[in-house]
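Each reported figure results from applying straightforward, stated rules to the coordinates on display, with no laboratory input. A quick note: this is a predicted structure, and the numbers were derived from the prediction, not measured. Cβ placement follows ideal geometry from the backbone for every residue including glycine, while neighbour counts extend to all protein chains displayed.
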Amino acid sequence: MTRVNVRFSLLFLPLACACLAQGQSTKPAGVSVRAAQAQPGQVQPVAPGTLAAPRIPRLILDPAIPEVQKVEYLGNGHIEVAGAVLTLMPGDYPRARALAGYVARRVLAAREQLDEVDVSVYDKPSYGGFGGPLPLLTASVPRERLNDFLEWSAGRGSFDRVWLSSKPGAAPARPPDRVRELSVNFLGSLADKTADAVRHTTAKVLGGVQGGLLYRGNGKSALSALTFDDAPHPMYEPLLLDLLRRDGVHATFFVIGRNARAYPYFVSDMAAQGHEVGNHTYHHVRLPPLPVAVATQEMVRASQVIQGITGKPVRYFRPPGGDYTPATLKAAEGLGLTTVFWTDDPGDFQNPGTDVLIERYTRTLRRGGIVLLHDNAPEMLQALPELLRVAEDRNIDLNTVGMLVGQPQALGRPETGRSVPGQATPQRTPALVPAELRVSPRP
Ligand SMILES: [Zn+2]
């Protein structure tokens, strides 16, 4: 595996004009950006009050490939990963596999520092960004496995790090909410709020799971839980998992069910590398406004997707936006899910700057705490090595929620994900290929 020795910060500096994203914000730091600019799960900024995100470099292919909407790339100081987005008209669906192979080859050829390219092919008429309708096809292609992927894209052999939609072009049943976890919000009657205040205080004072809620662990513990919301993301996930693996740190990922469905190999990687996978609803929606049956279904579908990938029961749930009601709390308990909040939120999704992020985290990190981060916040990725070092200096063992409450996760399927980029894994993707996506010989 080629390792790049690029200083991480350099990847965020403005590059030559030809490599910059078109239409990116040119607002100076400190200027608020409208919340409606991005969908949940997309590159930040997302939430109200967010500052301008660091610029993500784009790779320009020459000659251009008409179906390629963008190719972004990021590094974590050790490896580089590119994310390529393609759109196809319905009549071109048969070209999806061959085109994905062609694009993967061109991207890896265009930048020799890249260790991996992740390809997402969407239906062009319904394309709505990362939070819009699901892709037709996704693939994670480590450089050393390019030939395997090219064989698969040509209709020969198999490739495990790929996903094909069973309903190409289908729109999502429910659009995701533009929401980030900023504060815990309980919604209910005055009596409900009084009861919740007691539960809340008890959980904070005593620590551990209280009445189906977890606010913090035991303060005498040497552990603090590290949690990442809104996973998985096709460019950030391999970079984040790589950093955690290098430091031997395990975390809990609260994944969005629909995104886990489209990128199952990253969820397999999480489980295989000893991380815990939690439930963050299927569509990433605020639950309180929904009928209880619909809210419950959001939890059920996400747990089904996760367990279908990892083979492990899902035990922890984090409501989008931190919003919950007595009904959602009860529904989660009925599904065997503990509702998990947090003690330390450095606000990575607001792009406050890595120095501010590190300062906030350093100030609030505590034994028995629960740290809230988001897997697709660029500044989180940039600051993470320092965040891990601060915990180590304080002899705080960052670990999963399950470990924090003394419930190590159950054994599931044998480990099948990769421990390093490029390691082969067994076939996990359904072998059935929808007629629309059957291979075509030409890209
Ligand atoms: Zn979220």
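Using the average count of surrounding beta-carbon atoms within 10 Å as a protection proxy, the listed peptides 114-125, 155-166 rank, highest first, as 114-125, 155-166.
Of all lysines in the structure, those lying under 16 Å Cα to Cα from residue 70, and not within fewer than 8 positions of it along the same chain, are 124. Near the amide H of residue 399, within less than 5 Å, lie the amide hydrogens of 224, 225, 226, all on another chain or at least 5 residues away, with H placed in the peptide plane.
Backbone geometry of the stretch 108-113 corresponds, through the Karplus equation with coefficients 6.51, -1.76 and 1.60 at θ = phi - 60°, to 3J(HN,Hα) couplings of 5, 6, 6, 9, 5, 6 Hz, x marking Gly and Pro. Within a straight-line Cα-Cα reach of under 18 Å, residue 330 can be paired with the following aspartates and glutamates, leaving aside sequence neighbours fewer than 8 residues apart in one chain: 192, 196, 298.
Computed from phi, the 3J(HN,Hα) profile of the stretch 129-139 under the Karplus parametrisation 6.51, -1.76, 1.60 (θ = phi - 60°) reads x, 5, x, x, x, 5, x, 7, 8, 10, 8 Hz, with x in place of Gly and Pro.
Taking each of 220/312; 167/193; 204/312 in turn, the alpha-carbon distance tops 31 angstrom for 167/193.
Restricting to bridges with both residues inside the stretch 185-404, how much of the DSSP beta-bridge set is antiparallel, in percent to the nearest 5? Antiparallel bridges: around 10 percent, rounded to the nearest 5. In percent, rounded to a whole number, the relative contact order of the stretch 64-146 is 29, using alpha-carbon pairs under 8 Å and six or more apart.
Amide H to amide H distances under 5 Å link residue 137 with 121, 165, where only residues 5 or more positions off or on other chains count and H is placed in the peptide plane. Protection proxy ranking of 265-273, 396-404, by the mean of other Cβ atoms within 10 Å over each peptide's residues and highest first, is 265-273, 396-404. Electrostatic tally near residue 363: other residues with Cβ closer than 15 Å to its Cβ, Lys and Arg +1, Asp and Glu -1, net -3.
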